[in-house]
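The structure appears below as structure tokens.
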Amino acid sequence: MRCQVFAPSDDLSPVAEAIGVLGQPSPLIAASTHMHRALLSSGHLLFPDIRWLLVRDSQGPMAVIPVRCRVERDGPLAVMSLASLDRFEMLYADALVRENVEPEGVAPLLLKAAVANGRRADVVRLRSLPESSALRRMAKALRGQMTRVEGTSVIDVALGGDHWLTNCGRNLRGQVRQSENRLRQRGAITLRSPQSPAEFGAALERFIALEVAGYKAVRNALANEPGDRAVLVALVRGHAERGTAHLLELYVDETLVASQFGVVCEGRLYLIKIAFNEAFADASPGTFLMASLLKQAGAAGGFSAVDCCVRQPWHARWHPDIEMQEHATIPNKGTPRGLVLHAARRVRAAFQ
């Protein structure tokens, strides 16, 4: 078993080939083959310090592990840190591991690989790890310090959207009706979804223009974040080619009032971004659009759960479950600085 480390400036064709070999259907967006391909093509715009750990044995690729590699301060020490790719509380990429390989068997390479100029990581930091992620299993195998945190809001619509809305409570149903009535006072309501990859591309551009025209213009708008834009557009287009992308637009007459997009992974819809026209804010178009999305749930819609990718206070009205995640910190006792970090943590733990 051997491990190679690839930087964005390297020939990444071996990594691309390994992603194609290792990609398997998964309910985790982080394990989506399309997410890994999007990061391979554009991840350097989002994470300039991105690296890919490619593990092989005599049978071929065993694992692809995308990480960030950077020097950071930890108290008085300047340490080499190997970190997971997380952004907006959403894990952007899990490790891809061959079907007949246990992640625990690959885990030691996180500490042994020469990640930068022949230097190993002094500490590994993995954030926002869902319970079923391969990186979480690696962290457990390495006896990392695990911290349990609230993860994402997930709306369970396994019994269908109509059933869910019938049982969601009178107040929410009233809010949805009020939103619809106010929108209809402004014109005819139309819901539109693109069908072809080309139509998805055009609809994504309309979303980006709508988002930057609103309150997100100064923060987190894709138009102002070229790295996020490149990765997410590549992700959605990859899923669109497989028929597993989602984009829903709400129009009043011919005015785009609200839009949302995401991807479906093995029956779970990841709702990545939403935006609305602030000229229609009094009609709460986002509420109506969300209800319209939930009505599509079930066999016909191709999903039985909606993962909001983050947790926000406004999610509460939709009565989501909160899926827990974990952060992991793993000092590398095989390096002098890592050994100091390990000792310092043991001392702190003894006095707590």
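The values are calculated or read from the model by the stated rules, or taken from the named source; none is laboratory data. Here the structure is a predicted model, which is why all the values come from computation and not from measurement. Quick reminder, even Gly has a Cβ in these numbers, built from the backbone with ideal geometry, and neighbours come from all protein chains shown. With ligands, DNA and RNA removed, areas are computed over all heavy atoms of the protein, side chains included. Shrake-Rupley method; radii C 1.70, N 1.55, O 1.52, S 1.80 Å.
Anything in region 1-11 that is open to solvent by 30 Å² or more (accessible area, probe 1.4 Å) and part of a loop (DSSP other than H, G, I, E, B)? List them, or say none. Please lay out each step first, then the result.
Residues of region 1-11 that are open to solvent by 30 Å² or more (accessible area, probe 1.4 Å), as a first pass: 1-5, 8-11.
M1, P8, S9, D10, D11 - these are the residues of region 1-11 that are open to solvent by 30 Å² or more (accessible area, probe 1.4 Å) and part of a loop (DSSP other than H, G, I, E, B).
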Index of the failed condition, Q195 passing every other in (1) open to solvent by 80 Å² or more (accessible area, probe 1.4 Å); (2) in contact (Cβ under 8 Å) with a residue 12 or more places away in the chain; (3) in a loop (DSSP other than H, G, I, E, B): (2)
R177 of a type in the set (K, R) and either assigned to a loop (DSSP other than H, G, I, E, B) or open to solvent by less than 20 Å² (accessible area, probe 1.4 Å) (or both): no
Number of positions in region 12-25 that are open to solvent by less than 40 Å² (accessible area, probe 1.4 Å) and of a type outside the set (G, A, S): 5
Residue within region 226-240 that is within 19 Å of the chain's Cα centre (by Cα), open to solvent by less than 40 Å² (accessible area, probe 1.4 Å), closer than 30 Å to T166 by Cα and touching a residue at least 40 places away in the same chain (Cβ under 8 Å) present: no
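Could you say whether any residue in region 136-149 is under 24 Å from I272 (Cβ atoms) and open to solvent by less than 10 Å² (accessible area, probe 1.4 Å)? Don't jump to the end; show me each part of the working.
So in region 136-149, the residues under 24 Å from I272 (Cβ atoms) come out as 136, 149.
In the following step, the residues that additionally are open to solvent by less than 10 Å² (accessible area, probe 1.4 Å) were identified as none.
No: region 136-149 contains no residue that is under 24 Å from I272 (Cβ atoms) and open to solvent by less than 10 Å² (accessible area, probe 1.4 Å).
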Filtered residue count, region 64-75, keeping only those that are open to solvent by 20 Å² or more (accessible area, probe 1.4 Å) and under 15 Å from V231 (Cβ atoms): 1
Checking A213 against (1) aliphatic (A, V, I, L, M); (2) under 31 Å from the mean Cα position of the chain (by Cα); (3) at pLDDT 95 or above, the condition it does not meet: (3)
Test set (1) assigned to a strand (DSSP E or B); (2) open to solvent by 50 Å² or more (accessible area, probe 1.4 Å) - P61 fails condition number: (2)
Complete set of residues in region 26-49 that are β-branched (V, I, T) and crowded, with 22+ Cβ neighbours inside 10 Å: I29
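Does V79 meet the test of being touching a Leu at 6+ places or on another chain (Cβ under 6 Å), part of a strand (DSSP E or B) and either buried (at least 20 other Cβ atoms within 10 Å of the Cβ) or not aliphatic (A, V, I, L, M) (or both)? Let's see the steps before the verdict.
Numbers: touching a Leu at 6+ places or on another chain (Cβ under 6 Å): no; part of a strand (DSSP E or B): yes; either buried (at least 20 other Cβ atoms within 10 Å of the Cβ) or not aliphatic (A, V, I, L, M) (or both): yes.
Spelling it out, it is not the case that V79 is touching a Leu at 6+ places or on another chain (Cβ under 6 Å), part of a strand (DSSP E or B) and either buried (at least 20 other Cβ atoms within 10 Å of the Cβ) or not aliphatic (A, V, I, L, M) (or both).
Collect the residues in region 273-321 that are of a type in the set (D, E) and over 21 Å from the mean Cα position of the chain (by Cα), keeping them in residue-number order. Spell out how you get there, then give the answer.
Step one: filter region 273-321 for residues of a type in the set (D, E), giving 278, 282, 307, 321.
Answer for region 273-321, where residues must be of a type in the set (D, E) and over 21 Å from the mean Cα position of the chain (by Cα): E278, D282.
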